[in-house]
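Peer 1: Before anything else, here's the structure in question.
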Amino acid sequence: MTTHVAVLMGGWSAERPVSLSSGKACADALEAGGFRVTRVDVDRDIAKVLADLRPDVVFNALHGPFGEDGCIQGILEILAIPYTHSGVLASALAMNKPKANHVLRAAGVPVSESVLAHRLDAAKAHVIAPPYVIKPPNEGSSFGVLIVKEDSIHPPQELYSEDWAFGDVVMVERYVGGRELTCGVRGNEALDVIDIVTEDRFYDYSAKYDVGGSKHVLPAELLPDVYQNIRMLAVRAHQALGCRGVSRADFRYDDRPGGTGELICLEVNTQPGMTATSLVPEMAAYAGMNFESLVRWMVEDASCSR
């Protein structure tokens, strides 16, 4: 009997466009692999839609709040439909950057120092000494991220804006210069390390998702001990947060001349992108697993009580 897979995509978070791209790519690959696929653009009636649809498996291609933070995972647990990626607790924990950092630090994964502040307080005066990064505690794809340079006289005035859409509490984190590195984990095994190279800007939304927005160096050109340390830390972070299926850990490594030499974990993504420019599919391909095989593995790995 052909396995019926419902691919969840879209939703209403700021990452909706990316999720639609991920969902389409995964649905296309699953159909090519012989699965029966239903594409579901998620709205707030998703519980009823899934109860009526009764798929064998849900492939979760949602990104951001409600799709990546434990909410949809809880609905799937109640409906007893096996699903891909991480479960309720790991999803909620990884999406909350301050709480995730507490867990990662306790597990021996280095993270940068940070504090929480009201955005208006963070706009009035420097909460910590520059350079630092301001980021929403519960967003992905670099939405709402602001970098404050060492010579900045005052904090970003965007925080005063009535159009600020990322909540009143912000995370203010010490900035670590150097390289942007990332490593995927499949199951409990590390994939390879990518060095993300961008021109004159940080790895923002357009650098992540626009074709040509960044250059991916795979494998990253690092000393062997640094390379393997990153792979080890990616698995340790995956396990400490309780992730399942596929995850991706992002790092900064300051190997600049005169730099600190430190390596820190920025965050763990429990729903890494699955688009044409995405990192985990590229790592999997480098390891000999094409895109169709990767999404098949994810469906076969699906379960409840994750």
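Peer 1: Pairs, please: C-beta under 6 Å, at least 6 apart or cross-chain, first residue in the same structural domain as Phe59 (by TED's automatic domain parsing) and in the range 24-45, second among the basic types (Lys, Arg) and surrounded by fewer than 22 Cβ atoms within 10 Å (Cβ to Cβ)?
Peer 2: Ala27/Arg39; Gly33/Arg296
Peer 1: Taking Ala284 as meeting all but one of (1) farther than 20 Å from Val145 by Cβ; (2) surrounded by fewer than 21 Cβ atoms within 10 Å (Cβ to Cβ); (3) touching a helix residue (DSSP H, G or I) at 6+ places or on another chain (Cβ under 7 Å), write down the number of the exception.
Peer 2: Failing condition for Ala284: (2).
Rundown of residues vs (1) at pLDDT 95 or above; (2) aliphatic (A, V, I, L, M); (3) under 15 Å from the mean Cα position of the chain (by Cα), yes/no style:
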{"residue": "His4", "(1), (2), (3)": "yes, no, no"}
{"residue": "Met9", "(1), (2), (3)": "yes, yes, no"}
{"residue": "Cys26", "(1), (2), (3)": "yes, no, no"}
{"residue": "Asp45", "(1), (2), (3)": "yes, no, no"}
{"residue": "His63", "(1), (2), (3)": "no, no, yes"}
{"residue": "Leu79", "(1), (2), (3)": "yes, yes, no"}
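Peer 1: Sticking with this one: What strands (runs of 3 or more DSSP E) lie completely within the range 143-247 and have 3 or more residues being more than 24 Å from Lys99 (Cβ to Cβ) and modelled with pLDDT of 95 or more?
Peer 2: Working: elements: 146-148, 169-174, 179-186, 189-197, 215-217.
Fully inside the range 143-247 and qualifying: 189-197.
Peer 1: Let me ask something else about it. With the structure loaded, tell me whether Pro55 is outside the structural domain of Glu139 (by TED's automatic domain parsing), part of a loop (DSSP other than H, G, I, E, B) and under 22 Å from Thr275 (Cβ atoms) or whether it fails that test. First the steps, then the outcome.
Peer 2: Working: outside the structural domain of Glu139 (by TED's automatic domain parsing): yes; part of a loop (DSSP other than H, G, I, E, B): yes; under 22 Å from Thr275 (Cβ atoms): no.
Answer is no for this residue.
Peer 1: Keeping to the range 78-92, report how many residues are in a strand (DSSP E or B) and of a type in the set (Gly, Ala, Ser). Please lay out each step first, then the result.
Peer 2: Step one: filter the range 78-92 for residues in a strand (DSSP E or B), giving 83.
Pick out the ones that are also of a type in the set (Gly, Ala, Ser) and you get none.
Total satisfying the criteria: 0.
Peer 1: Turning to a different aspect of this structure: In the range 271-281, which residues are touching a Cys at 6+ places or on another chain (Cβ under 6 Å) and surrounded by fewer than 16 Cβ atoms within 10 Å (Cβ to Cβ)?
Peer 2: none
Peer 1: A further question follows. Just give me the residues in the range 11-24 being under 14 Å from Ser278 (Cβ atoms), part of a helix (DSSP H, G or I) and within 17 Å of the chain's Cα centre (by Cα), in sequence order. Spell out the reasoning first.
Peer 2: Just the residues of the range 11-24 that are under 14 Å from Ser278 (Cβ atoms), to begin with: 15, 17-24.
So of that shortlist, the ones also part of a helix (DSSP H, G or I) come out as 17-24.
Pro17, Val18, Ser19, Leu20, Ser21, Ser22, Gly23 - these are the residues of the range 11-24 that are under 14 Å from Ser278 (Cβ atoms), part of a helix (DSSP H, G or I) and within 17 Å of the chain's Cα centre (by Cα).
Peer 1: In the range 161-197, what residues are of a type in the set (Ser, Thr, Tyr) and surrounded by 14 or more Cβ atoms within 10 Å (Cβ to Cβ)?
Peer 2: Taking the range 161-197 and keeping what is of a type in the set (Ser, Thr, Tyr), we get 161, 175, 182.
If the condition is that a residue be of a type in the set (Ser, Thr, Tyr) and surrounded by 14 or more Cβ atoms within 10 Å (Cβ to Cβ), then Tyr175, Thr182 are the ones that fit.
Peer 1: In addition: Out of all the residues in the range 93-129, which are touching a residue at least 24 places away in the same chain (Cβ under 8 Å), part of a loop (DSSP other than H, G, I, E, B) and farther than 30 Å from Met232 by Cα? I'd like the intermediate steps shown before the answer.
Peer 2: Initially, the range 93-129 is screened for residues touching a residue at least 24 places away in the same chain (Cβ under 8 Å), giving 93-98, 100, 103-104, 106-120, 122-128.
Filter once more, keeping what is part of a loop (DSSP other than H, G, I, E, B): 96, 107-113, 125-128.
Ala125, His126, Val127, Ile128 - these are the residues of the range 93-129 that are touching a residue at least 24 places away in the same chain (Cβ under 8 Å), part of a loop (DSSP other than H, G, I, E, B) and farther than 30 Å from Met232 by Cα.
Peer 1: Mind listing just one residue for me: the one in the range 248-270 that is among the polar types (S, T, N, Q) and modelled with pLDDT of 95 or more and, of those, surrounded by the fewest Cβ atoms within 10 Å (Cβ to Cβ)?
Peer 2: Going residue by residue through the range 248-270, those that are among the polar types (S, T, N, Q) are 260, 269-270.
This time we only want the ones that are modelled with pLDDT of 95 or more, so: 269-270.
On the way: Asn269: 25, Thr270: 30.
That would be Asn269.
The values are calculated or read from the model by the stated rules, or taken from the named source; none is laboratory data. Predicted, not measured: the structure shown is a model, and the values here were computed from it. Every residue, glycine as well, gets a Cβ built from its backbone with ideal geometry; the counts of neighbours run over all protein chains shown.
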